[in-house]
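Asks: Handing you this structure, nothing more for now.
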Amino acid sequence: MQIREEKRISCPYCSEVITVLLDTSVDEQHYTEDCSVCCQPIALDVIIDATAATEVYARQENE
Ligand SMILES: [Zn+2]
């Protein structure tokens, strides 16, 4: 079972597409990662559904 997966997201601040590395051994997680382009803190909501598909939602940390 693969526990790390790369996902591409669009930064909610600068709209650049960045790659984040997810730990898919956890069903649902919320954490903050700094954008590699603009260095602003992106709040990431990661949800693994029943079919093991990974959904990532990126939003501004203070929203
Ligand atoms: Zn950014």
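Asks: Anything in region 34-50 that is within 16 Å of the ligand (Cβ to nearest atom), without any contact (Cβ under 8 Å) to a residue 24 or more places away in the chain and more than 8 Å from the chain's Cα centre (by Cα)? List them, or say none.
Replies: Answer for region 34-50, where residues must be within 16 Å of the ligand (Cβ to nearest atom), without any contact (Cβ under 8 Å) to a residue 24 or more places away in the chain and more than 8 Å from the chain's Cα centre (by Cα): D34, S36, C39, P41.
Asks: When the residues of region 35-53 are filtered to those that are surrounded by 13 or more Cβ atoms within 10 Å (Cβ to Cβ) and within 18 Å of E6 (Cβ to Cβ), which remaining residue is modelled with the lowest pLDDT?
Replies: Ranking the candidates gives I48 first.
Asks: Now, a different point. Could you list, ordered by first residue, the pairs with Cβ atoms under 8 Å in which the first is in region 2-31 and of a type in the set (D, E) and the second is within 15 Å of the ligand (Cβ to nearest atom), at least 6 apart or interchain?
Replies: Going by the 8 Å Cβ cut-off, the qualifying pairs are E6/T19; E6/V20; E16/S10; E16/C35; E16/V37; E16/C38.
Asks: Inside region 1-33, can you point out the residues that are within 13 Å of the ligand (Cβ to nearest atom), surrounded by 12 or more Cβ atoms within 10 Å (Cβ to Cβ), of a type outside the set (A, V, I, L, M) and within 9 Å of the chain's Cα centre (by Cα)?
Replies: Passing the criteria: only E33.
The values are calculated or read from the model by the stated rules, or taken from the named source; none is laboratory data. Nothing here was measured: the structure is a model prediction, and the numbers come from that model. Using ideal geometry, Cβ is built from the backbone for each residue, glycine included, and neighbour counts are taken over all protein chains shown.
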